[in-house]
Protein chains: 2
Amino acid sequence: MSQHYLEDFAVGQVYGTGRLRIDRERITTFAAQFDPQPFHLDDNAARETIFAGLAASGWHTAAVTMRLLVDGELKPASGIIGLGFEELRWPTPVRPGDELRVESEVLDVRPSKSRADQGLVKLRNTTFNQNGEAVQITVGTLLVPRKSRG
Amino acid sequence: MSQHYLEDFAVGQVYGTGRLRIDRERITTFAAQFDPQPFHLDDNAARETIFAGLAASGWHTAAVTMRLLVDGELKPASGIIGLGFEELRWPTPVRPGDELRVESEVLDVRPSKSRADQGLVKLRNTTFNQNGEAVQITVGTLLVPRKSRG
């Protein structure tokens, strides 16, 4: 797949990804290391909580989203380098067996003020489950190289 | 350590955490699974990139930050349940051997409009390395239970 430069991005474009399935064992393994709370670790304990059943850590969803983006259609020429986010939320819990994919909509494209060879692409990345429900929404900005002007 | 309810939080309070060290093997293991880009996987390849050396995935820093918070002083009574973030950025790369800790400053405390037994606590969570440099800054809101009014 060809790599993309700032000049290849335009407001309104939508880039997709493949799909990744999150099974129960991955949810609890990630949680045991990074987010060891009952609603991410154990079915019975999770049933009594606001999640009403086992749910993936939001940071697990975020990490899986990154993996999908790295393997997806965006392909900025110097890699996916996030400068920061102005929004990150998890509208729907991710459940064992969910299959996730991401759509990235281009919201803004502009050259960098400080670096002539770089630009900024603002994206809304929405992670969907297999039922088309948004499980994560981020709005963030990537650093993307400009084509060299030879 | 005692658990905290909405009434225990007040603007200006700062809650701390312990420390976690991120070594080279953890950086590359996380990256291989979730963010397989050269600057997170291999010293030599990373040297040629904007990071000028191996750096942890920002999502790894975010996950370690969550672990520190879960084990830290915040202790909301129903767990650390993030409703969303309005800011997330990584001002300084995390390098192999860095030792991280988090400070959470309370920015706002208010009852929930929709749920009488819950409230919202807005925090700025700053993750520092051993040199006191901020490696991650988030501003986000937790769902926190109110004391029952018996």
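The values are calculated or read from the model by the stated rules, or taken from the named source; none is laboratory data. Keep in mind that this is a model prediction, so the values were computed, not measured. For neighbour counting, all protein chains shown are included, and Cβ atoms are generated from backbone atoms with ideal geometry for every residue, glycine included. These accessible areas exclude ligands, DNA and RNA; they are computed on the full protein's heavy atoms, side chains included. Shrake-Rupley method; radii C 1.70, N 1.55, O 1.52, S 1.80 Å.
Under 5 Å between amide H atoms, partner at least 5 residues away or on a different chain: which partners does B:Gln118 have, H built in plane at 1.01 Å?
B:Ser112, B:Arg146
Note down the magnitude of the dipole of region B:1-74 about its Cα centre, charges +1 on Lys and Arg C-beta and -1 on Asp and Glu C-beta and zero elsewhere, to the nearest 20 debye.
160
When the accessible area of each residue in region A:68-85 is compared between its chain alone and the complete protein assembly (1.4 Å probe; ligands, DNA and RNA ignored), which residues differ by at least 40 Å², being lower in the assembly?
SASA drop of 40 Å² or more in region A:68-85: A:Val70, A:Ile81, A:Phe85.
Using the heavy atoms of the protein chains and a 1.4 angstrom probe, tell me the accessible area per residue for region A:57-150 in square angstrom.
40
Please determine, in degrees from 0 to 90 and to the nearest 10, the orientation of helix B:58-70 with respect to the longest principal axis defined by the Cα atoms of chain B, where the helix direction is its Cα long axis.
Result, in degrees: 40.
Report, to the nearest 10°, how far helix A:24-34 tilts away from the longest principal axis of the Cα atoms in chain A, using its own Cα long axis and a range of 0 to 90°.
Once rounded, the angle reads 70 degrees.
Taking accessible area as the heavy-atom solvent-accessible surface of the protein chains with a 1.4 Å probe, which residues of region B:30-51 lose no less than 40 Å² upon going from the isolated chain to the full protein assembly?
B:Gln33, B:Phe34, B:Pro36, B:Gln37, B:Ile50
How large is the translational diffusion coefficient of chain A in µm² per second when you combine the Kirkwood radius over alpha carbon pairs with Stokes-Einstein at 37 °C and 0.692 mPa s?
Translational diffusion coefficient: 200 µm²/s.
So how do B:Ser104, B:Ser2 rank on accessible area, 1.4 Å probe, biggest first, that is with the largest at the start?
Reading off the accessible areas and sorting them downward yields B:Ser2, B:Ser104.
Heavy atoms only, probe 1.4 Å: what % of the accessible area of region A:68-150 goes to carbon and sulfur, would you let me know?
Here it works out to 44 percent.
At a probe size of 1.4 Å, how large is the accessible area of A:Val11, to the nearest 10 Å²?
Roughly 100 Å² of A:Val11 is accessible to a 1.4 Å probe.
Count the lysine pairs in the protein assembly as shown that are 8 or more places apart or on different chains: how many have C-alpha atoms under 23 angstrom apart?
12
Can you send over the solvent-accessible area of B:Glu25, 1.4 Å probe, protein chains only, in Å² to the nearest 10?
That residue has around 120 Å² of solvent-accessible surface.
Can you tell me the dipole magnitude for the protein assembly as shown around its Cα centre, using point charges on the Cβ only (Lys, Arg +1; Asp, Glu -1), in Debye to the nearest 20?
420
Roughly how large is the B-A contact in terms of buried accessible area, totalled over both chains, probe 1.4 Å, nearest 100 Å²?
2800
Using the C-alpha gyration tensor of the protein assembly as shown, what are the square roots of 5 times its eigenvalues, in whole angstrom, with the largest one first?
Over the Cα atoms of the protein assembly as shown, the ellipsoid semi-axes are 32, 21, 19 Å.
Grab the beta carbon distance between B:Glu25 and A:Arg19, set R0 = 35 Å, and tell me the FRET efficiency rounded to 0.05.
Step by step, r from the Cβ atoms, then E = 0.75.
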